[in-house]
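What follows is a set of notes on a single structure, which appears directly below.
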Amino acid sequence: MATVRFDKATRIYPGADSPSVDKLDIDIADGEFLVLVGPSGCGKSTSLRMLAGLEEVNEGKIWIGDRDVTNLSPKDRDVAMVFQNYALYPHMTVADNMGFALKIAGVDKSEIRRRVEEAAKILDLEPYLERKPKALSGGQRQRVAMGRAIVRSPQVFLMDEPLSNLDAKLRVQTRTQIASLQRRLGVTTVYVTHDQVEAMTMGDRIALLKDGILQQVASPREMYDKPANVFVAGFIGSPAMNLLSVPVTQDGAKFGTHRLDIGRDELANAGSKVVVGVRPEDVEVRTDNDGLEIEVDVIEELGADAYVYGSPVSKDIHLEGSDEEGERPFIARVDGRNVPRKGEHIFVFPKPQHIHAFNQETGARLI
Amino acid sequence: MALEITAARADPALLDLPWDTPLEEWPDEILAAYPRGISRHVVRFVKLSGRVLAIKEIKTDIARREYEMLRNLRRLDLPSVEPFAVISGRVSRDGEQLDGALITRHLQYSLPYRALYSQSLRKGTASRLIDALAVLLVRLHLAGFWWGDVSLSNTLFRRDAGAFAAYLVDAETGELRVQLSDGQREHDLDIARVNIAGELMDLEAGGLLQEDRDPVEVSERIMTRYRELWSELTDTEIVDTGERWRVDERIRRLNALGFDVGELAMTTDIDGTSIQIQPKVVDAGHHSRRLLRLTGLDVRENQARRLLNDLDSYRAALGRQADDEENVAFDWLHEIYEPLVRSVPKELARKMEPAEFFHELLEHRWYLAEKLKRDLSLPEVKEDYLANVLPTKPDEKEVVGVDTVEMPVVAWDD
Ligand SMILES: Nc1ncnc2c1ncn2[C@@H]1O[C@H](COP(=O)(O)OP(=O)(O)OP(=O)(O)O)[C@@H](O)[C@H]1O
Ligand SMILES: Nc1ncnc2c1ncn2[C@@H]1O[C@H](COP(=O)(O)OP(=O)(O)OP(=O)(O)O)[C@@H](O)[C@H]1O
Ligand SMILES: [Mg+2]
Ligand SMILES: [Mg+2]
């Protein structure tokens, strides 16, 4: 068991002009499940390889427990990197499929057997140890693959998109299995994914990277409720938060005809505009001309609720994230028994306790 | 969503395939039973408009990515399978969405390692496969490609004058950079090591590995071979200013390994007593390029080496060292090579490629000469080879029917 610390760790690839991972600072608690998430190219794999000892650290340090491992080779770090792609070998028993990598590491036979049996117990695979993988179900095979990592009993597990090529159903199953297994084993784990849903459902905490820079590290709840900046706000949550740039007035911000109470102090240095964010489920929908006027384009019925997709009637207002590819819709979740019609005009504004506001220039959170 | 085909040159016949059926349920009549490596996706071969295609059922976005990646690899002249098309928008007859498909062209005369092991093998085959994979990995790394899933299963092998040439078949996890970091290369090597050990242990468990050497030990070879080759191709060497011949020697060593030096950096130190040399651009295929230039024959590296050797002996035997190399090559091609490889009866021609056949003849000549204690002409050797050896070889143009296994990445019962 061990803590992990990225201490202003920086990686600049040979020939690159900017760091791919820039002064990364994260403290990971003993036994914690930390998910590194972010868009493609943000530096997730690089960070993970730095921790594994497979990528040089140009500046800063990396600690495992109270050991500075910055200059240690991978095998001296006691971490296990779980491959993205796990093959299962048809002629080998389940036990051998789980234990064979230990042979490479020179672990002796009886010790391998002991560890395999222990892992099989945890994974509910005991009855199958002498069978061939062909006789297992999809989920069981996935557990054998996990067994391969568990038997190494490292201080830290490192996983880079281990679910990326599974079908949707198995992906969801395995996600839950990995998370609950990790909790039972209590081994510190750093898990990489580009999928924010995966991050939100699996992590004790999430670290969100963009362009090699850490944007926020926090619990899923906090990421969702208090995103540190516009990028985090837009990345976390599905459907995504509505983000609109609106004018600042003397007593708040103007959201269509509606005045949002943001607070003088917060707005003091904000300039003439702020970015207001509201999650689809936090939208107040009105028909009394109070708020921002939206024309309803599409309705997505979910039963109890429905999602309304619309566009601002005023051509001067655009949702953040709109680009050449197209305008982003404004999305609101409404009561499934009270759904507006396509083409109808509605008025919307954020419910008072659920307003997010960000500095227009820096993107930093105001409230 | 409608069925959609993405391809550089789409073949309309693709539309006739039963895309509304999961690949696993395609009828045998349209399938070609070629051997495959271990895979998690369903892979099948079909014959279409005179060619054989490999179809892999896989999520559309991954298929697209892999298709693009394979195109890039081909553009960089790296040995890999040739992407043919991506199929998306598949819907089953009950209206359910099906995974997409990646289609590549079947690599003729290629063998998955498992198929090789179902034949009786020469000793040391595992090592030779690993050597070929090491060359492939070095070439991929030199070009900036991180594979992420290096394994024998993800490689196809073609015979190459007694050795093997390796081709990448599965680019799903790959990433292309301008230049890889040492860490990325080490990561690939680590993956290769574990996968190869696992694959050899699997053969052992299935009673297919004739060698008595320990798979763990054999798998270690990927690291040593890779490192040797990498350092020969990229290391900086310091030589005395008085020893300039060592620059030529370095180039000759690289040529011998099958590489041409496209660019060599040379710097002298301040007091001018030593020179630093470092190859900057190296291209594989030194011998095959040379043979291509001389004869128009497009063959693999070791085959080319073999053929060039024979061309040299031909030249020496006729005392034509002073002649233009091109002219000698022209005569050799028409007097020696072509008559021999053309004389293989059609029913035997599917067993091996012409250049490999020629290599086999040279080997057989040596063997017969030892046995009979006399020199033999190639036509003589050919008669014996056609009568006694070739018929016993398996058909390798499109090998059929050996054990292959899929371990699907789909959920079912649990
Ligand atoms: N060898 C290299 N040389 C130069 N730049 C590199 C190299 N390897 C990676 N990079 C760059 O470093 C950045 C981070 O890459 P990394 O692979 O860590 O991203 P990632 O978040 O894992 O992305 P993905 O989700 O696509 O896997 C990217 O901009 C990438 O282009
Ligand atoms: N173009 C081709 N020519 C010959 N054989 C092929 C071709 N494409 C695929 N194969 C065979 O099919 C096998 C499986 O293909 P591939 O490795 O792409 O599948 P996969 O499911 O992605 O594998 P993995 O489990 O490693 O992710 C290969 O090992 C190879 O033997
Ligand atoms: Mg990555
Ligand atoms: Mg594969």
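Every number in this text was worked out from the coordinates using simple rules, so none of it is lab data. Since the structure is predicted, the reported quantities are computational estimates derived from the model, not experimental observations. Every residue, glycine among them, receives a Cβ derived from its backbone with ideal geometry; neighbour counts consider all protein chains shown.
As an exercise, use a Förster radius of 60 Å and the Cβ-Cβ distance of residue B:243 and residue A:113 to find the FRET efficiency, rounded to the nearest 0.05.
With R0 = 60 Å, the Cβ-Cβ based efficiency is 0.55.
Per the Cauchy relation, a quarter of the hull surface: what is the mean projected area of the convex hull of the alpha carbons in segment A:125-171, in nm²?
Quarter of the Cα hull surface area: 4.0 nm².
Which loop-located GluC sites (Glu not before Pro) does segment A:260-367 contain, where loop means any DSSP state but H, G, I, E or B and the Cβ has at most 10 other Cβ atoms within 10 Å?
Counting only loop positions with at most 10 other Cβ atoms within 10 Å, the GluC sites (Glu not before Pro) in segment A:260-367 are A:324, A:325.
In a GNM of chain A with a 10 Å cut-off on Cα contacts, which of A:209, A:72, A:260 has the highest mean-square fluctuation?
Most flexible of the set in this elastic network: A:72.
Dipole size in debye (nearest 20) for segment B:4-107 around its Cα centre, Lys and Arg Cβ +1, Asp and Glu Cβ -1?
540
At 10 °C and a viscosity of 1.306 mPa s, what translational diffusion coefficient does Stokes-Einstein give for the protein assembly as shown, taking Rh as the Kirkwood radius over Cα pairs? Give it in µm²/s as a whole number.
The calculation lands on 53 µm²/s.
Less than 10 Å Cβ to Cβ from residue B:197, Lys/Arg counted +1 and Asp/Glu -1: what total charge do the surrounding residues give?
Spelling it out: positives minus negatives among the neighbours equals -3.
Gap in Å between the Cα centre of segment B:78-128 and the Cα centre of segment A:275-336?
Centre-to-centre distance over Cα atoms comes out at 47 Å.
Taking θ = phi - 60°, what integer Hz values does the Karplus form 6.51 cos²θ - 1.76 cosθ + 1.60 yield along segment A:65-74, in sequence order, with x for Gly and Pro?
For segment A:65-74, the Karplus-derived couplings read x, 9, 9, 7, 9, 3, 10, 7, 6, x Hz, x marking Gly and Pro.
Using the 10 angstrom Cβ neighbour count as an exposure proxy, how do B:347, A:161 rank, fewest first?
B:347, A:161
Stick to the Cα atoms of chain B, pair each with every other, and give me the Kirkwood hydrodynamic radius in Å at one decimal.
Radius from the Kirkwood sum: 23.8 Å.
Tell me the net charge near residue B:284. Cut-off is 10 Å between Cβ atoms, residue B:284 excluded, with +1 for each Lys or Arg and -1 for each Asp or Glu.
Here the count lands on -2.
Once the Cβ-Cβ distance between residue A:180 and residue B:30 is put in as r, and R0 is 56 Å, what FRET efficiency do you end up with, to the nearest 0.05?
Efficiency for this residue pair is about 0.80.
Tell me which residues come under 5 Å, amide H to amide H, from residue A:187 once H is placed; ignore anything under 5 positions away on its chain.
none
Once both axes come from the Cα atoms, what is the angle between helix B:182-205 and the longest principal axis of chain B, in degrees from 0 to 90, rounded to 10?
It is inclined by approximately 70 degrees.
Which whole-number percent is the relative contact order of chain B (Cα, under 8 Å, 6+ apart)?
16
For segment A:1-44 and segment A:158-203, what is the centre-to-centre distance using only Cα atoms, to the nearest Å?
What the calculation gives is 18 Å, centre to centre.
Hey, for a label at residue A:266 modelled as a point 7 Å past Cα toward Cβ, could you say which residues of segment A:208-235 have their backbone N under 12 Å away?
From segment A:208-235, the list is A:226-227.
Let me see the pair-distance distribution of segment B:235-284: every alpha carbon pair, 10 Å bin width, integer percents in order.
27, 53, 18, 2
Two decimals is fine: what's Rg over Rh for chain A, C-alpha atoms, Kirkwood radius as Rh?
Radius of gyration relative to Kirkwood radius: 1.06.
Once the principal axes of the Cα atoms of segment A:204-293 are found, what is the range along each, listed largest first in whole angstroms?
Projected onto the principal axes, the Cα atoms of segment A:204-293 cover 42, 31, 20 Å.
Taking the Cα centre of each part, how many Å lie between segment B:149-204 and segment A:209-271?
Measuring centre to centre over Cα atoms gives 47 Å.
What number, in nm² with one decimal, is the all-direction average of the projected area of the convex hull of the alpha-carbon atoms of segment B:111-232?
If I average the Cα hull's projected area over directions, I get 7.1 nm².
Expressed in nm to one decimal, what extension gain is obtained for the pair residue A:105 and residue A:316 from 0.36 nm per residue of sequence separation less their Cα-Cα distance?
Computed gain between residue A:105 and residue A:316 is 69.6 nm.
Given H placed 1.01 Å from N in the peptide plane, which residues other than close sequence neighbours of residue A:279 have an amide H under 5 Å from its amide H?
A:242
Using a Cα-Cα cut-off of under 22 Å, which lysines could be cross-linked to residue A:315, ignoring same-chain neighbours fewer than 8 residues away?
Within the straight-line limit of under 22 Å, residue A:315 reaches these lysines: A:254, A:273, A:342.
For every helix of n ≥ 4 consecutive DSSP H residues, a contribution of -39,500 (n - 2.57) applies; sum these over chain A, divide by its total residues, and give [θ] at 222 nm rounded to the nearest 500 deg cm²/dmol.
-7000 deg cm²/dmol
Any chance you could give the angle, 0 to 90 degrees and rounded to 10, that helix A:94-104 forms with the longest Cα principal axis of chain A?
80
So what's the angle, to the nearest 10 degrees on a 0 to 90 scale, between helix A:109-122 and the longest Cα principal axis of chain A?
Around 30 degrees separate the two axes.
Taking the Cα atoms of segment A:55-188 alone, what are Rg (to one decimal) and Dmax (as a whole number) in Å?
Spelled out, the Cα radius of gyration and Dmax of segment A:55-188 are 15.7, 49 Å.
Please compute the net charge surrounding residue B:327, taking Lys and Arg as +1 and Asp and Glu as -1 over other residues with Cβ under 13 Å from its Cβ.
-4
With a 10 Å Cβ neighbour count serving as the proxy for reagent exposure, in which order, fewest first, do A:169, B:373 appear?
With the sparsest Cβ surroundings first, the list reads B:373, A:169.
Have a look at A:233, A:332, A:16 and tell me which one the Gaussian network model of chain A (Cα, springs below 10 Å) gives the largest fluctuation.
Top of the fluctuation ranking is A:16.
Using the charge dipole of segment B:235-284 (Lys, Arg: +1 at Cβ; Asp, Glu: -1 at Cβ; taken about the Cα centre), state which of B:247, B:270, B:236 has its Cα farthest towards the positive end.
Going by the Cα projections, it comes out as B:247.
How much space per residue, in cubic angstrom, does the convex hull of the C-alpha atoms of segment A:226-367 take up?
Expressed per residue, the convex hull around the Cα atoms of segment A:226-367 is 111 Å³.
If r is the Cβ-Cβ distance from residue A:18 to residue A:135 and R0 is 45 Å, what FRET efficiency results, to the nearest 0.05?
E between residue A:18 and residue A:135, to the nearest 0.05, is 0.30.
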